[in-house]
1. Taking only pairs six or more apart or across chains, which ones have beta-carbon atoms under 8 Å, a first residue in the stretch 256-269 that is aromatic (Phe, Trp, Tyr) and modelled with pLDDT under 95, and a second residue that is assigned to a loop (DSSP other than H, G, I, E, B) and surrounded by 15 or more Cβ atoms within 10 Å (Cβ to Cβ)?
2. Could you tell me how many of the residues in the stretch 116-164 are in a loop (DSSP other than H, G, I, E, B) and hydrophobic (A, V, I, L, M, F, W, C)?
3. Name the pairs: first residue in the stretch 148-173 and touching a residue at least 12 places away in the same chain (Cβ under 8 Å), second residue open to solvent by less than 50 Å² (accessible area, probe 1.4 Å) and in a loop (DSSP other than H, G, I, E, B), Cβ to Cβ under 6 Å, at least 6 apart or on different chains?
4. Answer yes or no: is there a residue in the stretch 43-60 that is farther than 29 Å from Ala167 by Cβ, at pLDDT 95 or above, assigned to a strand (DSSP E or B) and in contact with a Ser or Thr (Cβ under 6 Å, 6 or more places away or on another chain).
5. When the residues of the stretch 177-228 are narrowed to those that are of a type in the set (Lys, Arg) and more than 15 Å from the chain's Cα centre (by Cα), which ends up farthest from Gly159 (Cα to Cα)?
6. Return yes when Arg103 is under 19 Å from His40 (Cα atoms) and open to solvent by less than 30 Å² (accessible area, probe 1.4 Å) and no when it is not.
7. Note down all Cβ pairs under 7 Å where the first residue falls in the stretch 237-251 and is within 16 Å of Ala207 (Cβ to Cβ), the second is assigned to a strand (DSSP E or B), and they're at least six residues apart or on different chains.
8. In the stretch 227-243, is there at least one residue being under 29 Å from Thr21 (Cα atoms), of a type outside the set (Gly, Ala, Ser) and modelled with pLDDT of 95 or more?
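The values are calculated or read from the model by the stated rules, or taken from the named source; none is laboratory data. Worth saying up front: this structure is predicted, and the values here are computed from it rather than measured. Cβ: placed from backbone, ideal geometry, glycine included. Neighbour counts: every protein chain shown. When the accessible area is computed, the model is the full protein with side chains, heavy atoms only, and any ligands, DNA or RNA have been set aside. Shrake-Rupley method; radii C 1.70, N 1.55, O 1.52, S 1.80 Å.
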Amino acid sequence: MTENYDLHCHSTASDGALSPTAVVQRAHECGVTSLALTDHDTVSGLNEAQTAADTAGIKLIPGIELSTSWQNKCFHIVGLGIDPAYPPLAEATRNLQTMRIERAEKIADKLEKKRIPGALEAVKKAAGEGMITRTHFADFLLSQFHVSTQQEAFDRYLGAGKAAFVATTWSDMELAINWITGSGGVAVLAHPLRYKLTASWMKRLLAAFKEAGGQGIEVVTGRYNSDEIKLVAGYATRFELAGSVGSDFHNPANQWVELGRLAPLPEKIKPVWELLN
């Protein structure tokens, strides 16, 4: 049987629309054979996902997507094959939950000043036990008809420099990579083109990422076209990074991004799964 990897997706433990069980079931239906659940700054969905994976007969790779800071910019680092119980990582996720709650309170306060009340209660209810993310606020703004799309919510309110944006200093990137590698995992730079860096900034970032112990880069995502894949593959080759593939699936309503629906990893790129135990 041909292996089909999807090493980046989200559940209701963070800002995904489906429960961990439903994500695993959908991945299985989509032909995924190895799935990494990589919720934002939390591992709370992994036990449920593992039970579902055992039932469905697919391999679950325990993962996380950590929000990190480097040079006053925010970058997301995916950890693959982590040990969720590793004490420094477990403590970090507790601290990140506190940071996200504090950020949510500030965002809600800014929306209140724009005469948009009720945001905090709504996002807390929507997130439940999971991490509160800006996507929850985007969904709230959409439900209250302040915007017509999620993207408009970011463009008008939640994006950098907008009315309800709250700058957050996340954990240092080197520290986050240490949590991942210390737990036995592999650190992967998520969706590298999303940060809209110049080529020189990208090279600086990848040099720092590699020096800190980063081993992989997402070469294929659910949104990259062939030119973008080729561009990131070039960075992978230059910095001797393994290539990862991940849909970054959040919601079945988004017809453009589906679990397991990914272009193949370019042949000359070392697959990140070869580094996983």
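1. Listed pairs, sorted by first residue: Trp256/Gly222.
2. Within the stretch 116-164, the subset in a loop (DSSP other than H, G, I, E, B) is 116-118, 128-133, 144-149, 159-164.
Next cut, hydrophobic (A, V, I, L, M, F, W, C) only: 116, 131-132, 145, 147, 160, 163-164.
Total satisfying the criteria: 8.
3. Ala153/Val147; Tyr157/Ala163; Tyr157/Ala164; Leu158/Ala164
4. Residues of the stretch 43-60 farther than 29 Å from Ala167 by Cβ: 46-60.
Add one more test, that the residue is at pLDDT 95 or above, and what stays is 46-60.
Among the residues that remain, those that are also assigned to a strand (DSSP E or B) are: 59-60.
Okay, now just the ones that are also in contact with a Ser or Thr (Cβ under 6 Å, 6 or more places away or on another chain), so 59.
For the stretch 43-60, residues farther than 29 Å from Ala167 by Cβ, at pLDDT 95 or above, assigned to a strand (DSSP E or B) and in contact with a Ser or Thr (Cβ under 6 Å, 6 or more places away or on another chain): present.
5. Of the residues in the stretch 177-228, the ones of a type in the set (Lys, Arg) are 194, 196, 203-204, 210, 223.
From what's left, more than 15 Å from the chain's Cα centre (by Cα): 196, 203-204, 210.
Numbers: Lys196: 14, Lys203: 25, Arg204: 24, Lys210: 28 Å.
So the residue we want is Lys210.
6. Values: under 19 Å from His40 (Cα atoms): yes; open to solvent by less than 30 Å² (accessible area, probe 1.4 Å): yes.
Yes; evaluated as a whole, the condition is true for this residue.
7. From the stretch 237-251, the pairs are Leu241/Gly216; Leu241/Ile217.
8. Within the stretch 227-243, none of the residues are under 29 Å from Thr21 (Cα atoms), of a type outside the set (Gly, Ala, Ser) and modelled with pLDDT of 95 or more.
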